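Report on one structure; see the data block that follows.
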Amino acid sequence: MQDHVEIGMGRTARRTFELADINIVPSRRTRSSKEVSTAWQLDAYRFEIPILSHPTDALVSPQSAVELGRHGGLGVLNGEGLWARHRDVEAKIAEVVRIAEDEIDPTAAVRKLQELHAAPIDPDLLGQAVSSIRESGVTTAVRVSPQKAAELTPVLVAAGVELLVIHGTIISAEHVSQGDSEPLNLKTFIAELDVPVIAGGVHDHRTALHLMRTGAAAVIVGYGSTAGATTTGEVLGIGVPMATAIADAAAARRDYLDETGGRYVHVIADGDIHNSGELAKAIACGADAAVLGTPLAAAASAPGRGYYWSAAAAHPSMPRGALLAVAEDEGRPDLQTVLHGPTDDPFGHLNIVGALRRSMAKAGYSDLKEFQKVGLSACD
């Protein structure tokens, strides 16, 4: 039964939980972390670690997408980002970071991002970026917005995209519009594609279930990293605490599994996951994998030079994110250390996958699907 509280006369709100509000409860047995598997499979594609990158230019260039893929994760290129609009992207990002470091006007770097994203998308540049990832041999994934999906998908398919990510801050199976443009019908769109689609973000059971019924191979749950983001509080006032959102989507997955007689749709958590403990909790709540932002931004290979910003930070009329310094440019750890260690960091920002494996082992589980059944306790 859902727990509701009265917030005023005649108005109630559901009691919900952040990842910080819950803890994993170990079972009566433990095992060695060497016996634990963090692998998962989406359609025909197997990944050794349950980690995707947030599709932002701060994290993902064609080169860093390849590196994350070789470490067993999935790098998701932003198909509407700078690599699709400019040839000298490294120089453009360096200019953005320089502006952010001045700290005189906190909005100046956002204005620069908006200016850079005002350049038109060049299909040739986008195709070259996607092809370079595909030629490396790692799984190739690209994010597009629902508004640009129909326009850009043929370019991406021709370049060899293997997983299409249709991603917005908030997405639904039905977009109601009274404008001249035809809204994207996800069910029809996905049915006509030969590549699997990951779609999101969603925040509740009903929307997750509707999105699963479109034929999506996976559903993204959440609104992205709250670090540096302003979607939830300052701009739109929209948000659902992640522990509750993940659990609700996992319940939708079970309902859809019963409804279809066995079709499993993966749940991918995207929000408030800044360290290894939060990654473990997201899996424990029911996620199959998680999108990481700030942890990957600290890696030496991340294009943002120690800064992180979400894809929504460059929105032309309503940016929902600021540039956040997460690491000094000099001395940033390599991706191996971020994901697999070894490390002397005691706060869960490095050796993230190693910590997940140990959490699973301490709770007595050998793989991710088993770990989704672990006991949880909630803080009052």
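Those residues that are within 21 Å of Ile51 (Cα to Cα) and either among the hydroxyl-bearing types (Ser, Thr, Tyr) or part of a loop (DSSP other than H, G, I, E, B) (or both), I need them from the stretch 69-91; list them, please. Before the answer, list the steps.
Step one: of the stretch 69-91, the residues within 21 Å of Ile51 (Cα to Cα) are 69-79, 81.
Within the stretch 69-91, His71, Gly72, Gly73, Gly75, Gly79, Gly81 qualify.
Given the criteria in a loop (DSSP other than H, G, I, E, B) and modelled with pLDDT under 95, does Pro106 qualify?
Numbers: in a loop (DSSP other than H, G, I, E, B): yes; modelled with pLDDT under 95: yes.
Against the criterion (in a loop (DSSP other than H, G, I, E, B) and modelled with pLDDT under 95), Pro106 qualifies.
Are any of the residues in the stretch 15-31 open to solvent by 10 Å² or more (accessible area, probe 1.4 Å), among the aromatic types (Phe, Trp, Tyr) and not in a strand (DSSP E or B)? Looking for residues that are open to solvent by 10 Å² or more (accessible area, probe 1.4 Å), among the aromatic types (Phe, Trp, Tyr) and not in a strand (DSSP E or B), one finds at least one in the stretch 15-31, hence yes. Of the helices (runs of 4 or more DSSP H) lying entirely inside the stretch 235-309, those containing at least 2 residues that are among the acidic types (Asp, Glu) are 242-260.
Restricting the stretch 133-150 to residues that are assigned to a helix (DSSP H, G or I) and modelled with pLDDT of 95 or more, the residue that is most open to solvent (accessible area, probe 1.4 Å) is Glu135. Considering Ala199, Ala216, Ala208, the condition of being part of a loop (DSSP other than H, G, I, E, B), closer than 20 Å to Glu259 by Cα and touching a strand residue (DSSP E or B) at 6+ places or on another chain (Cβ under 6 Å) is satisfied by Ala216 alone.
Inspection of the stretch 86-99 identifies no residue that is in contact with a helix residue (DSSP H, G or I) (Cβ under 8 Å, 6 or more places away or on another chain) and small (Gly, Ala, Ser). In this structure, is Thr12 farther than 22 Å from Ala269 by Cα and either under 19 Å from the mean Cα position of the chain (by Cα) or not in a loop (DSSP other than H, G, I, E, B) (or both)? Yes; evaluated as a whole, the condition is true for this residue. Residues that are modelled with pLDDT of 90 or more and open to solvent by 40 Å² or more (accessible area, probe 1.4 Å) occur at least once in the stretch 305-316.
Considering the stretch 32-46, the residues that are open to solvent by 70 Å² or more (accessible area, probe 1.4 Å) and more than 21 Å from the chain's Cα centre (by Cα) include one that is modelled with the highest pLDDT, namely Glu35.
Exactly one condition in (1) modelled with pLDDT of 95 or more; (2) over 22 Å from the mean Cα position of the chain (by Cα) is false for Gly179; which is it? Result: Gly179 fails condition (1) only.
Given Gly306, Gly271, which one is in contact (Cβ under 8 Å) with a residue 24 or more places away in the chain and in contact with a Ser or Thr (Cβ under 9 Å, 6 or more places away or on another chain)?
Working: Gly306 fails: in contact with a Ser or Thr (Cβ under 9 Å, 6 or more places away or on another chain).
From the options Gly306, Gly271, the qualifying one is Gly271.
Looking only at the stretch 223-270, which residues are touching a strand residue (DSSP E or B) at 6+ places or on another chain (Cβ under 8 Å) and modelled with pLDDT under 90? The answer is Tyr223, Gly224, Ser225, Ala227, Gly228, Ala229, Thr230, Thr231. The criterion of at least 3 residues that are surrounded by fewer than 19 Cβ atoms within 10 Å (Cβ to Cβ) is met by the following helices (runs of 4 or more DSSP H) wholly inside the stretch 331-380: 335-340, 352-362.
Among the residues of the stretch 75-85, write down those that are of a type in the set (A, V, I, L, M, F, W, C) and in contact with a helix residue (DSSP H, G or I) (Cβ under 7 Å, 6 or more places away or on another chain).
Looking only at the stretch 75-85, we keep the residues that are of a type in the set (A, V, I, L, M, F, W, C), and these are 76-77, 82-84.
Selection gives Leu77, Leu82, Trp83, Ala84.
Kindly indicate whether any position in the stretch 155-167 is at pLDDT 90 or above, in a loop (DSSP other than H, G, I, E, B), among the aliphatic types (A, V, I, L, M) and in contact with a Ser or Thr (Cβ under 6 Å, 6 or more places away or on another chain). Within the stretch 155-167, one or more residues are at pLDDT 90 or above, in a loop (DSSP other than H, G, I, E, B), among the aliphatic types (A, V, I, L, M) and in contact with a Ser or Thr (Cβ under 6 Å, 6 or more places away or on another chain).
Being of a type in the set (Gly, Ala, Ser), surrounded by 12 or more Cβ atoms within 10 Å (Cβ to Cβ) and closer than 21 Å to Ala297 by Cβ is the filter here, so list the residues in the stretch 88-125 that pass it. Listed by number, the residues that qualify are Ala94, Ala100, Ala108, Ala109.
The values are calculated or read from the model by the stated rules, or taken from the named source; none is laboratory data. Being a predicted model, the structure only gives us computed values, none of them experimental. Note that we place each Cβ from the backbone using ideal geometry, even for glycine, and neighbour counts take in every protein chain shown. Only protein heavy atoms, including side chains, enter the accessible area calculation; ligands, DNA and RNA are left aside. Shrake-Rupley method; radii C 1.70, N 1.55, O 1.52, S 1.80 Å.
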